[in-house]
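Down below is the structure, laid out as C-alpha cells.
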Amino acid sequence: MKSLWLQIGSYALTLMLGLSAGYYLLPAQKSSPSGNPAPVHVRSSDTSAPSSVSSAVSIQPTAESANSSATDNSTKPPMDLKSILKNPNLYQRMKDLYAYADTLSAADLPAILSQLRSLPMRMDRMQSMSVFIGRWAQLDPDGLLAYSAKNTDRMSGFMMTNAAYSAMAATDPAKAMGSILQLTDQRQASMAMQSVISQVAEQDPKQALQLIQSLKDQSNSARLYGSLFSQWAMQDPNAAVQAALALPSAQQPVALQGALSQWASTNPQAASTYANAIGQSDLRNSAMQSVATSWARTDPAAAAQWASSFSDGPDKNNTYSSIISQWTRSDPTAASTWLNQQPASAARDSASVALSNQLVRSDPASAYAWASSISNATTQTNQVNQVLSRWMREDSTAASAAIQSSTLPDAQKKQLLSIKQQPPRQDGGYNGN
C-alpha cells in the first residue's frame, strides 16, 4: 500500500514540478502566473549553492538578488515567505511564490527549502517547494543536484533531480543523460531520464529518440519510447508513426502504441485508418488495440461501430475486448446493452470476458452472468471459474448460493465451494487477485 501511494505521489509531484520547471525553463515569449512577461534570468558564477546549509533560516532575498530583480510595483506581492504562505487562496499564493522566487539567487534557496519543510500539510509543502526547486534548477542545476544528494526525503529528492536534469537537458542533453546513468536509485534514475527525454522532445523529438537509442541497456526503455512517441504525436502524428515503424522490431509496438493512442485521442478516424493499413499482423493488432482503447475513452459507441466492420479474426477479437474494457469503466450499462445486441462469435466472447473482468469486483452476479453467456465452452469454463473463485473469496455466502443453484458439474461445484472467504487487503483487493 505504501509503495502504491509513493508511486501515485511521485506522478502527482512530477506534474506539479513540471509546471514549475516549465515556467523557468521554457523559451521566452510566455507569461508568468501573474500575467506579466516572465523575466529572463541569467546564470552567473556567483549563484552556486553553498556546500552546507546554515541552521539560521533566511526568508528574505539577499541584498544583491533583491536589488537586481525587477518587479511590477502595481502588483507587488508581499516579499516575505511567511506572509505569502499564510494566504489561504491557493491561486494567489502560488502567484506570489513565483514572484518571490524570481527575486532569489541560488545562494538563498537552501534556507528557503529548509523553511518550507516545516509546513504541516504535505501537499502544500510540496507545491511550494516545487516553485523554488524549479527556480534553483534554472539558476544552478549542478548545485541543486549536490544539495539533492544530501537530501533525506525521497519525494522531494525526486523533484530536485527531475528539475535539475530537465534544466541540464535544455543546454546539454548528453551531459544530463550521462549523469543520470550514475544514479544508484533506479526509480529516481527512471524519472529523471523521463524528464530529460520530455524536455528535449519539446524542441527536437528526433534528438530525444537518439538519446534513448544511445543507451547501452535497452531493457527498461519501453516507457521512454512510449512517452516520447506520444509527445511526438502531439506535434506531428504522421512523422511520429513513420519514425515508430522505422525502429527495430523490439521497439516498434510500444512506440506505435504511444503515437497512435495520442493520435486517436484527437483524430481517431485518421489513426484507425493508419493502424488498419499496417501490414504485419502482430503489429497491426497491437496498433488497432491502442487506437480502440484511446477512441473508447472519448466515443466508445463510434469505436465499437468501427470495430464491428472488421472481418472475423484476432484483430476484431482483441479490438472488441479493448473497447468493451474501456467502455465498461465509464458506462457499464451502455457497454452491456451494445454487447447484448451482437451475435454469437469469437469477438463477442472476447468482449464478454473483458466485460466480466471489469464487473467482477463491483457486480459479481452480472460478471458471472456474462461469463456464463460465452459461447466457446473452454473459454466459458475458464471465465466462470475465475469469476466464481474471486466471488467466493470476497463474499462466500452470495457466491455459494449462485454455485449451488447453477447447472455446473458437481465436481466443479465442489471445487469452487471449497474456496474460503478471505479478508480484504488494505488496498481493497483480495489475496490471490
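Every number here is computed from the coordinates shown, using simple stated rules; none is lab data. Source: prediction; values computed, not measured. Heads up, the Cβs are rebuilt from the backbone with ideal geometry, glycines too, and the neighbour counts pull from every protein chain shown.
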Worksheet, complete the sentence: Between the alpha carbon centres of the stretch 258-282 and the stretch 179-233 the gap in Å comes to 23 Å
Response to the item:
Nearest-0.05 FRET efficiency for R187 and S345 at R0 = 60 Å, using Cβ-Cβ distance, is 0.85
Worksheet item: When a footprinting reagent is the concern and you count Cβ atoms within 10 Å, what order do Y225, Y320, Y91 take, fewest first?
Response: Y91, Y225, Y320
Worksheet item: Considering only Cα-Cα distances, which of the following residue pairs are longer than 27 Å: K95/K150; K175/K206; K86/K150?
Response: K95/K150; K86/K150
Item to complete: Specify whether the C-alpha gyration tensor of the stretch 356-411 places it in the rounded, prolate or oblate class, a ≥ b ≥ c being the square roots of the eigenvalues: rounded for a/c under 1.5, otherwise prolate if a/b is larger than b/c and oblate if not.
Response: oblate
Practice prompt. Just rank W232, W370, fewest to most, by other beta-carbon atoms within 10 angstrom.
Written response: W232, W370
Worksheet entry | Zone residues, the stretch 383-404, relative to D410, backbone N less than 16 Å from point 7 Å out along Cα-to-Cβ | 404
Practice prompt. May I have the extent of the alpha carbons of the stretch 204-298 along their three principal axes, as whole Å values ordered from largest to smallest?
Written response: 36, 27, 20
Worksheet item: How about K414: which aspartates and glutamates have a C-alpha closer than 17 Å to its C-alpha, ignoring those fewer than 8 places off in the same chain?
Response: D395
Worksheet entry | Gained length - A246 relative to S308, 0.36 nm times residue gap less alpha-carbon distance | 19.3 nm
